[in-house]
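Q: Handing you this structure, nothing more for now.
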Amino acid sequence: MFRNLEETIKSLNANVNDVVNSEKAKKLRKKLLSIGLPMAVCGFLGVFICFALFATAGIDLDAFGPNGFTARVMVPFLLFIPCGVVGGIGSTIASLGFKIVITEYTTNLIKETVGNNCPNCGATLNSEKVFCSKCGTKVRKECSKCKHINDYKSEFCEKCGTKLN
Ligand SMILES: [Zn+2]
Ligand SMILES: [Zn+2]
């Protein structure tokens, strides 16, 4: 049962890894970050500036003219909310982009660590070894034609395309 679970996680991870490293995901990540980051930065910077202007205007009593509120108080007050909205939307978009970055990083990390272990005993494997040095399980498939060492799940040689057995 646990073996199955391990295999499922591995294959699932392999799929996530493929998806996250695909060109489509990379383009999406680039798009999300290039739109989201400037929006978030501008929005929050705007919020900060508005707040600072509003706060300093509030202290200075001259800002309250004979008509009540002056532009010095009203402009930052009115810009405060749209800036916050832009910053909020921007950070949401950017966080989606960062999720792809994090997923990419972790799946690659898992692939490097889990993917490089014997499926039978879990021993760390040398990428050039065909058999596990701990339990003797065949962990790689050597191509009969070009001698390239392939993953044990591979059906065909990733270098020359010869059917593996
Ligand atoms: Zn082993
Ligand atoms: Zn080959």
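Q: Would you pull out the residues with amide H under 5 Å of Thr162's amide H, same chain only if 5 or more places away, H placed 1.01 Å from N?
A: Cys157
Q: Can I ask one more? Any lysines with Cα under 29 Å of the Lys145 Cα? List them, leaving off those in the same chain fewer than 8 positions away.
A: Hits, sequence-local ones excluded: Lys10, Lys111, Lys129, Lys134, Lys153, Lys159, Lys163.
Q: Hull surface divided by four, with the convex hull built on the Cα atoms of the stretch 115-165: how many nm²?
A: 3.2 nm²
Q: Output wanted: per-residue J couplings in Hz (rounded whole) for the stretch 36-47, from phi through Karplus 6.51 cos²θ - 1.76 cosθ + 1.60, θ = phi - 60°, x for Gly and Pro.
A: x, 4, x, 4, 5, 5, 4, x, 6, 5, x, 4
Q: If neighbour count is taken as other Cβ atoms inside 10 Å, put Cys42, Cys50 in order from fewest to most.
A: Cys42, Cys50
Q: Let me ask you something else. Give a residue-ordered list of calculated ³J(HN,Hα) values for the stretch 132-139 (Karplus: 6.51 cos²θ - 1.76 cosθ + 1.60, θ = phi - 60°; whole Hz; x for Gly, Pro).
A: These are the phi-based 3J(HN,Hα) values: 5, 6, 8, 10, x, 5, 6, 10 Hz.
Q: Would you mind getting me the FRET efficiency between Val19 and Cys135? Use the beta-carbon distance for r and R0 = 41 Å, nearest 0.05.
A: Here the calculated transfer efficiency is 0.80.
Q: Under 5 Å between amide hydrogens, which residues at least 5 positions from Lys141 or on another chain qualify, with H placed 1.01 Å from N in the peptide plane?
A: The answer is Asn150, Asp151, Tyr152.
Q: Please give every one of the lysines within straight-line cross-link reach of Lys27, meaning a C-alpha to C-alpha distance under 17 Å, and leave out same-chain neighbours fewer than 8 residues apart.
A: Lys99
No value in this document is a laboratory result; all are computed from the given coordinates. Quick caveat: nothing in here was measured; it's all calculated off a predicted structure. Glycine also receives a Cβ, built like all others from the backbone with ideal geometry; neighbour counts cover every protein chain displayed.
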